[in-house]
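Worksheet: the structure to be examined is printed underneath.
The values are calculated or read from the model by the stated rules, or taken from the named source; none is laboratory data. Predicted model only: the values in this text are computed from it and were never measured. Cβ placement follows ideal geometry from the backbone for every residue including glycine, while neighbour counts extend to all protein chains displayed. Calculation scope for accessible area: heavy atoms of the full protein, side chains included, ligands and nucleic acids excluded. Shrake-Rupley method; radii C 1.70, N 1.55, O 1.52, S 1.80 Å.
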Amino acid sequence: MKRLICIICIICGFAATGKSEIKLPQFFSDNMVLQQQSECNIWGMGDKGRTVVVITSWDKKSYSAPVDQDGHFSVKVQTPKAGGPYDITFAVAPSNTSSRRSSGLGKAFTLHNVLIGEVWICSGQSNMEMQMKGFKQQPVEGTTEELLHCKDPNLRLFTVKRHASLTPEWDVTGNWSEAHSASVRDFSATAYYFGKALRATLDVPVGLIVTSWGGSACEAWMAPEWLKAFPKVQQTITEDDMKKLQQRCPTALYYGQLKPLIGYTMRGAIWYQGEDNVPRYDYYAPLLKAMVEGWRSDWKQGDFPFYYCQIAPYDYSLIDWKGSQYLREQQAKAESIISNARMAVLMDAGLEYGIHPRKKRQAGERLAILALANTYDIKGLPDFATYQKVEFQGDTAIVSFDRSKEWVYFENGPHSKNFEIAGEDKVFHPAETWISRNRVYVRSEAVKNPVAVRYAFKDWVEGDLMHDGLPVSSFRTDEW
């Protein structure tokens, strides 16, 4: 009790005058969520040479940090198990520590309604950005019903405003809000469903920070030095380039929307992007690997979890593109070359005439399944089966799968129309199919000696090969 009274007196003393101010980035504010049981980074700006004192209400501890010659300070605060709400108070220590009445006393302020829980960064392009209210004439399925039941004071939402820059920014524009119909309506649908699933299963506060921009390229979310390994990427960027390309400009969103967040202590990241990279699909897997490894290096939190959505099927000829199946293939490959990363498949959740599928609940919940099973070790959840190998016996191909503890099956009956088979002539023919346990048998009267099989390997397709309630990615056994 004596210690608490002493701290309160110090705060009151610091607040006596307003000559020294503290500025925090906007994501350190009322209603925020800090990562539980961690040393959480908090930083800001102040008068150089002064000392900032941070006091946390959950343990009544006081942390001090000097303001450097550039006017910046940073401090690590120890967080407890999930809970709250709590307060965090900031003040500037007296310039003359021998006298609390010095005219150099700082102005104190307090952040209120702070929760301790699980924090996730949510990034990507339009299918991550797409709000619960949808885009114009492009609704999200189930929004009306969801907005009637979405109120949850322990789910906190922060959206970074769009901003491109060719130089590192220090702050972003945005604010934390509790989940309710108004805030959820304007928040990422994919991220919301992800957070809602975590809340239901973990029963702890969850904080989601969305930094996304529709149409953004993977290259835009990367630092210049990471892109040097990719000669096809434009290396010299000018202001005119950025004005023209905006969210497609290499490095522009890394500097404008991601760099300010780097260091915010969190659990992991989710990602829904790839549509813009369809015309450049051939190096997407190593590009995504470089991006993830760069983020991890900057964040200094080790190999934090990275879960991402495979782009959903869509008829890309409508925008004069083609070949999105090759981008999906690259995304599937990325899963095997990036540590602590997994892919959520959306083969059954696309939209033939729309690049923004309505089924965002499936996207968010499938990302949550990956996080809950692999990061939080929740047992009993399904997993995504993946193509393993093919064997040929006479005129029949036998396809096997990994991660298939349960049998595979076709969603719409005993057969599928999405398989094709080819011989040495490399001409693919529609195939008949049947299933035995976790193997798919494929054959065609037109192919007597098959050497290759493809499943759903097209821009637009309604995926129907399933395992344990989840779709299997499109795949091919050839490299033609």
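Checking every residue in the stretch 6-24 against the condition of being modelled with pLDDT of 95 or more, open to solvent by less than 60 Å² (accessible area, probe 1.4 Å) and over 15 Å from Ala108 (Cβ atoms) gives zero matches.
Within the stretch 52-64, count every residue that is surrounded by fewer than 20 Cβ atoms within 10 Å (Cβ to Cβ) and either over 14 Å from Val114 (Cβ atoms) or not acidic (Asp, Glu) (or both).
If we filter the stretch 52-64 for residues that are surrounded by fewer than 20 Cβ atoms within 10 Å (Cβ to Cβ), which is where we start, we get 57-64.
Pick out the ones that are also either over 14 Å from Val114 (Cβ atoms) or not acidic (Asp, Glu) (or both) and you get 57-58, 60-64.
Total meeting the criteria: 7.
Residues that are without any contact (Cβ under 8 Å) to a residue 12 or more places away in the chain, more than 36 Å from the chain's Cα centre (by Cα) and surrounded by fewer than 20 Cβ atoms within 10 Å (Cβ to Cβ): does the stretch 433-453 have at least one?
Going through the stretch 433-453, the residues without any contact (Cβ under 8 Å) to a residue 12 or more places away in the chain turn out to be 436, 445.
Then keep just the ones that are more than 36 Å from the chain's Cα centre (by Cα); that gives 436, 445.
Keeping just the survivors that are surrounded by fewer than 20 Cβ atoms within 10 Å (Cβ to Cβ) gives 436, 445.
For the stretch 433-453, residues without any contact (Cβ under 8 Å) to a residue 12 or more places away in the chain, more than 36 Å from the chain's Cα centre (by Cα) and surrounded by fewer than 20 Cβ atoms within 10 Å (Cβ to Cβ): present.
Residues considered: Met291, Met347, Met343. Of these, the only one that is crowded, with 23+ Cβ neighbours inside 10 Å and assigned to a helix (DSSP H, G or I) is Met291. In the condition set (1) open to solvent by less than 90 Å² (accessible area, probe 1.4 Å); (2) on the phi > 0 side of the Ramachandran plot; (3) among the basic types (Lys, Arg); (4) modelled with pLDDT of 95 or more, Arg476 is compliant with all but (2). Condition test on Asn412, is it under 14 Å from Ala456 (Cβ atoms), at pLDDT 95 or above and not aromatic (Phe, Trp, Tyr)? Judged against the criteria, Asn412 is not a match. Here Gly214 meets the list (1) among the small types (Gly, Ala, Ser); (2) part of a loop (DSSP other than H, G, I, E, B); (3) more than 16 Å from the chain's Cα centre (by Cα) almost entirely, failing just condition (3). Restricting the stretch 294-340 to residues that are among the acidic types (Asp, Glu) and outside any loop (DSSP other than H, G, I, E, B), the residue that is nearest to Leu227 (Cα to Cα) is Asp298. If only residues of the stretch 180-192 that are of a type outside the set (Gly, Ala, Ser) and open to solvent by less than 10 Å² (accessible area, probe 1.4 Å) are counted, the one that is farthest from Asp152 (Cα to Cα) is Thr190. Does Val77 satisfy the criteria of being assigned to a strand (DSSP E or B), at pLDDT 95 or above and touching a Phe, Trp or Tyr at 6+ places or on another chain (Cβ under 6 Å)? Yes; evaluated as a whole, the condition is true for this residue. With the condition kept exactly as written, say whether any residue in the stretch 239-251 is in contact with a Lys or Arg (Cβ under 6 Å, 6 or more places away or on another chain) and open to solvent by less than 10 Å² (accessible area, probe 1.4 Å). No, that holds for no residue.
If you go through the stretch 270-288 and keep only what is part of a helix (DSSP H, G or I) and more than 13 Å from Ala217 (Cβ to Cβ), you end up with Asp282, Ala285, Pro286. Tell me yes or no: at least one residue of the stretch 40-47 is more than 31 Å from the chain's Cα centre (by Cα), not acidic (Asp, Glu) and not in a strand (DSSP E or B). Yes, the conditions are met somewhere in the stretch 40-47.
Exactly one residue out of Lys417, Lys458, Lys405, Lys426 is in contact with a helix residue (DSSP H, G or I) (Cβ under 8 Å, 6 or more places away or on another chain) and open to solvent by 50 Å² or more (accessible area, probe 1.4 Å): that is Lys458. Within the stretch 372-396, being of a type outside the set (Phe, Trp, Tyr), open to solvent by less than 70 Å² (accessible area, probe 1.4 Å) and either outside any strand (DSSP E or B) or in contact (Cβ under 8 Å) with a residue 60 or more places away in the chain (or both) holds for Leu372, Ala373, Thr375, Ile378, Leu381, Pro382, Asp383, Ala385, Thr386, Val390, Gly394, Asp395. In this structure, Tyr264 does not satisfy being open to solvent by 10 Å² or more (accessible area, probe 1.4 Å) and not in a strand (DSSP E or B).
Of all residues in the stretch 153-163, those satisfying the criterion of being surrounded by fewer than 22 Cβ atoms within 10 Å (Cβ to Cβ) and over 20 Å from Ile116 (Cβ atoms) are Lys161, Arg162, His163. Filtering the stretch 421-480 to residues that are among the basic types (Lys, Arg), farther than 28 Å from Trp321 by Cα and assigned to a strand (DSSP E or B) leaves Arg439, Arg443.
Suppose the filter is touching a residue at least 24 places away in the same chain (Cβ under 8 Å), among the polar types (S, T, N, Q), in contact with a Ser or Thr (Cβ under 8 Å, 6 or more places away or on another chain) and buried (at least 23 other Cβ atoms within 10 Å of the Cβ); does Gln301 pass it? Break it down into steps so the answer makes sense when it comes.
On the way: touching a residue at least 24 places away in the same chain (Cβ under 8 Å): yes; among the polar types (S, T, N, Q): yes; in contact with a Ser or Thr (Cβ under 8 Å, 6 or more places away or on another chain): yes; buried (at least 23 other Cβ atoms within 10 Å of the Cβ): no.
No.
Residues being of a type outside the set (Asp, Glu), open to solvent by 10 Å² or more (accessible area, probe 1.4 Å), more than 25 Å from Asn374 (Cβ to Cβ) and touching a Lys or Arg at 6+ places or on another chain (Cβ under 9 Å) are entirely absent from the stretch 194-204.
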